Amino acid sequence: MPQDTHATHQPKPPSDRGPGRRAVLRGAALGAAAPLLTATAATAAPTTAPPTTTAPPTTAASPTTTGRGGDEDAAAAPVSLRWLGTAGWRIDVGGRTVLFDPYLTRFSTGLFDGVFDPRTRLESDPAVVDAHAGRPELILVSHSHWDHLADVPHIATTTGARVVGTETTYHLLVALGVDAGQISVVKGGEVLDFGGIVVEVVPSLHSRNKKCAYFAPGTLHAPPATTPSTISDLPEGDTLAFQVTAGDGGPSAFLMGASDFSERAVRGLRPDLAMIAVPSSGATHRYVPRLLRALDTPGVVVPVHWDNFEVPLAGSPERDPAMDLDGFVTRVREVSGATRIVVPDYRTVYDGRMRAAGR
């Protein structure tokens, strides 16, 4: 049964291997591997306290909304949202499905065990992916690291879905067998209407480590020399964010794939829902207050990319000890006490107000 997100939600705690030791080992492994990598994740000090939400009890909710707080009904197609773990989302508008950064196979690289291997081979498990992805007509990709892109080739080739992403994403997907005609290359600034589902492409930035550096950045302006086969074959390739609006009545959801942003690029978006990546370091100056104010303090904030993305997408999320989820929640409260914070669960289907559907 989906957990009630109106009460305090406690994801599965880290395993008893010791979160502090795991984070130190993870940082050492990534630091040593950085010159070899074109795709990694940043690290920071671990956290141990469980996260919370500020969502108060509520009555049954309509699946469609308008307005900043998402508390008004709209005569529009029903909307549902499902967190796919990491930064990923499945958004259903009526009978139409949009995916954002769908990483579902969640294979092990050793990242969470202190034995990170940049030569880990790319995998995609069709049974797992198909069970969660549905039949999307649109896939939005923030950047090309493996925990955002690895399952996109399977989904695109089996469903014919249109993929929207950077030039790097384009070259990698074509090399991995996706029809070039299915891919729309964007740079940020585009406002695209996919038959009533409006996608605003936002130029963005990738997360960075404590030294204010990216892990092995890289872009492609031509096809890769060989077919990508390992996680180190997938460079970041610049980063995008997206704002998706379900028809004229909304709601609008701001979707981040990494924990940094261009303040000028997001100013004026004013989303109803903001799916914000939890930072792994304090390198970005005043990350939470600057972002929330630029977005004009969204009515609902949903923290993402705080889970261990190398365990199966089942049960309750297991926290990544390198992500300070509780500190993030606290800072959102400090900046905007009226904002409702929803810490998502894999098993819950949410309506357009990010309340458990049917409640």
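The values are calculated or read from the model by the stated rules, or taken from the named source; none is laboratory data. It should be emphasised that the depicted structure is a prediction, and the values quoted were computed from it without experimental measurement. Every residue, glycine among them, receives a Cβ derived from its backbone with ideal geometry; neighbour counts consider all protein chains shown.
The sole residue among SER108, SER184 that is among the hydroxyl-bearing types (Ser, Thr, Tyr) and in contact with a strand residue (DSSP E or B) (Cβ under 8 Å, 6 or more places away or on another chain) is SER184. A Cβ distance below 7 Å, combined with a sequence gap of six or more or placement on separate chains, defines the contacts here; from the stretch 209-228, residues that are under 22 Å from ARG121 (Cα atoms) reach residues that are in a loop (DSSP other than H, G, I, E, B) and among the polar types (S, T, N, Q) in the pairs PHE215/THR40; PHE215/ASN209; ALA216/THR38; ALA216/THR40; GLY218/THR38.
Of all the residues in the stretch 229-245, those that are in contact (Cβ under 8 Å) with a residue 60 or more places away in the chain and either under 8 Å from HIS143 (Cα atoms) or in a strand (DSSP E or B) (or both) number 9. Within the stretch 145-166, the presence of a residue that is among the small types (Gly, Ala, Ser) and modelled with pLDDT under 95 is excluded.
A quick yes/no check of all residues on (1) surrounded by fewer than 17 Cβ atoms within 10 Å (Cβ to Cβ); (2) farther than 16 Å from ARG90 by Cα:
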site	(1), (2)
ALA127	yes, yes
HIS132	no, no
THR159	no, no
VAL163	no, no
VAL191	yes, yes
GLU200	no, yes
PRO228	no, yes
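Taking every residue in the stretch 163-191 that is without any contact (Cβ under 8 Å) to a residue 12 or more places away in the chain and pairing it with any residue that is crowded, with 18+ Cβ neighbours inside 10 Å, at least 6 positions away or on another chain, the pairs with Cβ-Cβ distances below 7 Å are GLU190/VAL201; VAL191/GLU200. Being of a type outside the set (Phe, Trp, Tyr), crowded, with 22+ Cβ neighbours inside 10 Å and free of Cβ contacts under 8 Å to residues at least 60 places away in the same chain is a description that does not apply to VAL343. Mind counting the residues in the stretch 324-335 that are farther than 30 Å from THR109 by Cα and crowded, with 21+ Cβ neighbours inside 10 Å? Selection size over the stretch 324-335: 1.
Scanning the stretch 202-258 for residues being over 20 Å from the mean Cα position of the chain (by Cα) and charged (D, E, K, R) gives a total of 4. Of the residues making up the stretch 199-217, those that are within 24 Å of GLY188 (Cβ to Cβ) and modelled with pLDDT under 80 are ARG208, ASN209, CYS212, ALA213, TYR214, PHE215, ALA216, PRO217.
For the stretch 325-346, the set of residues classified as under 16 Å from the mean Cα position of the chain (by Cα) and of a type outside the set (A, V, I, L, M) consists of PHE328, PRO344, ASP345, TYR346, listed by residue number.
Identify all residues within the stretch 218-240 that are within 22 Å of VAL186 (Cβ to Cβ) and out of contact with any helix residue (DSSP H, G or I) (no Cβ under 7 Å at 6 or more places or on another chain); write none if there are none. Within the stretch 218-240, GLY218, GLU236, THR239, LEU240 meet the criteria. Need the failing condition index for GLY177 against (1) within 25 Å of TYR287 (Cβ to Cβ); (2) assigned to a loop (DSSP other than H, G, I, E, B); (3) in contact with a Pro (Cβ under 8 Å, 6 or more places away or on another chain), just the number. Only one criterion is unmet by GLY177, namely (1). Annotation: of all residues in the stretch 282-323 being among the β-branched types (Val, Ile, Thr), in contact with an Asp or Glu (Cβ under 9 Å, 6 or more places away or on another chain) and surrounded by fewer than 22 Cβ atoms within 10 Å (Cβ to Cβ), the one that is nearest to TYR346 (Cα to Cα) is VAL311.
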